[in-house]
Structure formats: C-alpha cells, structure tokens
1. Test VAL79 against the stated conditions and say whether it is on the phi < 0 side of the Ramachandran plot and modelled with pLDDT under 55.
2. Could you pull out the residue among PRO61, PRO101 that is on the phi < 0 side of the Ramachandran plot, open to solvent by less than 60 Å² (accessible area, probe 1.4 Å) and of a type outside the set (A, V, I, L, M, F, W, C)?
3. Taking the criterion of being hydroxyl-bearing (Ser, Thr, Tyr) and open to solvent by 10 Å² or more (accessible area, probe 1.4 Å), would at least one residue in region 211-218 satisfy it?
4. Are any residues in region 64-85 free of Cβ contacts under 8 Å to residues at least 40 places away in the same chain, open to solvent by less than 40 Å² (accessible area, probe 1.4 Å) and not in a loop (DSSP other than H, G, I, E, B), and if so, which ones?
5. Which one is nearest to ASP102 (Cα to Cα) among residues in region 45-83 that are out of contact with any Ser or Thr (no Cβ under 7 Å at 6 or more places or on another chain) and among the β-branched types (Val, Ile, Thr)?
6. If you go through region 104-133 one residue at a time, how many are within 19 Å of LEU44 (Cβ to Cβ), out of contact with any strand residue (DSSP E or B) (no Cβ under 7 Å at 6 or more places or on another chain), in contact (Cβ under 8 Å) with a residue 24 or more places away in the chain and open to solvent by 20 Å² or more (accessible area, probe 1.4 Å)?
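The values are calculated or read from the model by the stated rules, or taken from the named source; none is laboratory data. Remember, predicted model here, so these are calculated numbers, not experimental data. Here Cβ is always computed from backbone atoms with ideal geometry, including for glycine, and neighbour counts include all displayed protein chains. Remember, those area values only see protein heavy atoms, side chains included, never the ligands or the DNA or RNA. Shrake-Rupley method; radii C 1.70, N 1.55, O 1.52, S 1.80 Å.
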Amino acid sequence: MDRKRKRICDPFGIKKPREENLKSDVNVYPSPYPDFTEEPQEALSYLWDLFPRKLFNDSLPPMILRHQLYSLIQDRTTVDRLLSSLQQKGDVCLVQPGFDPDTFLVVKNEDFLGSVIRSIDGSSGANVVRRFLDSSLFNPSKISYNREEMMEKHRFSDAEITQLVRAGLLTVRDAGSWWLSIPGAGKFSKHFIKGRKTLLSQISRSRYKEVLLIDLSTRKPPSAIKLGMEYHIHDIIGAGLVDCVPTPSGILLRLSDS
C-alpha cells in the first residue's frame, strides 16, 4: 500500500500487535529505552517515574496506562500476568479514566487510597467514600461494580452511589454498573487526549508518516504535550498506533494503517 495514502489511525483504539512489532531481534537495534523483559516489574517503576505529578499539583498519584507496559515488555502475556498478580496481592489497582472502556490506568493501591482520602477532605460525601473504601466491596482486584452487589449486598442507596460518582471514585459503565475511577481523572484525560493527538499529528506530518524513535524521543515537546514526550511515546507504541520497524539507524515508528 502506498504510504502516501495512509491516514492517521483512530487515536483512541488499542490495536493488536503486528508481526513486525513482535520480532525477537528488535532490541538489537538502538533504542533510548531499557529492556525490561527479564525484570518486568521494574517497567512499572520506570513508567510511574515519568508521570508529571507537578502538573496536577500532586493531587494525582503516579499513573500509567496498562498498554504502555507493552512498549517495554515484548510478551503481553507477561504484562497481563504481572498486573493480575499485583492486583491479587493488593499492590496495584486498575482504574477507568473515562474516555475508552478498554483503557485502564495502573496505580499503586496505597497511592490510590491516599489520593482519594485527600480529595474528600471536608467534603459532604466523605463519609460515604470512607464507608466504600472500608467495606469488603472495595478490592484492588475489582475494576467494576454492579447495582445488585452495591445496593442489595452492601446496602448503598441510589443517593450514596450518586455521591461516589460525584466524588470521582466511580464512573458510569452502563445502566446499573460502574467502573472504579479516581478523583481528578478527568484532568488527566484532558491532557492525555490532547497530547496523543498532537504526537500522532507530528508523525503524520513527517515524510512517509514515519520517524526514528531516537529522533522523536529527543525532540522538545510542543506545548500541547503536557505529560511529556516519552510518556506519550510509550502510549502510542503500546496501543499499537504506530508500528516499530527495525532499521540500521534504529527503530522507526510508522503510523499504523487505519
């Protein structure tokens, strides 16, 4: 297919990895990022460190998108097993940012709880939020809740569920069910969506709609990219919005087919 006829791919859809993304020898080519294949849990710390807490005045804890891990660990099964294990241990929880039902943020459980408690300090819904967090209903391994378990098993009223939604702890999934969320997630989503679109637009304007990873990673980020260039690069790679093509000059990022 003629590269000139390619369009920017859907900026909100996570695609399946293409074969060229999964070549075992991709890491023999220069890359500005570490390889965490042998120590996958270290990839979490690496990505959390990229989160710009000052941008949100420390109101949000370090958060990464689950699929960003796929940019650093070639085996997706390893990533999924790691997160499942950490959830079961109560170390991390997955929360819904609200702009895509298939996209989840990964946050340390202790950071999540601390952020929620700070956000409700002095608010009218504080007692309901604390009751939710202290109940057996809240579990780091859960990502969603339904009306039956909340109202019949745990005796939360419609008004109390509404308070949890207003507090930002829950977000509507569909009629009668809710995702676990985090207060302030909307602020993150606003910067994230704008930054992703800006980065994809930059690549689209490049010759043949492709750019070397090393060149892109060292560019000064435009003002619209508030979360940082590297944060967004791991996003578009992990989401499959670009293909990683090995070349003698390094890894080439090419916009995926739409």
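1. Details: on the phi < 0 side of the Ramachandran plot: yes; modelled with pLDDT under 55: no.
It is false that VAL79 is on the phi < 0 side of the Ramachandran plot and modelled with pLDDT under 55.
2. On the way: PRO101 fails: open to solvent by less than 60 Å² (accessible area, probe 1.4 Å).
Checking each option against the conditions leaves just PRO61.
3. Applying the first criterion (hydroxyl-bearing (Ser, Thr, Tyr)) to region 211-218 yields 217-218.
If we keep only those that are open to solvent by 10 Å² or more (accessible area, probe 1.4 Å) as well, we get 217-218.
Yes.
4. VAL79, LEU83 - these are the residues of region 64-85 that are free of Cβ contacts under 8 Å to residues at least 40 places away in the same chain, open to solvent by less than 40 Å² (accessible area, probe 1.4 Å) and not in a loop (DSSP other than H, G, I, E, B).
5. Of everything passing the filter in region 45-83, ILE64 is nearest to ASP102 (Cα to Cα).
6. Taking region 104-133 as the starting set, the residues that turn out to be within 19 Å of LEU44 (Cβ to Cβ) are 104-115.
Those still in the list that are out of contact with any strand residue (DSSP E or B) (no Cβ under 7 Å at 6 or more places or on another chain) too: 110-111, 113-115.
Of the ones still in play, those that are also in contact (Cβ under 8 Å) with a residue 24 or more places away in the chain are 111, 114-115.
With open to solvent by 20 Å² or more (accessible area, probe 1.4 Å) added as a condition, the list becomes 111, 114.
Count: 2.
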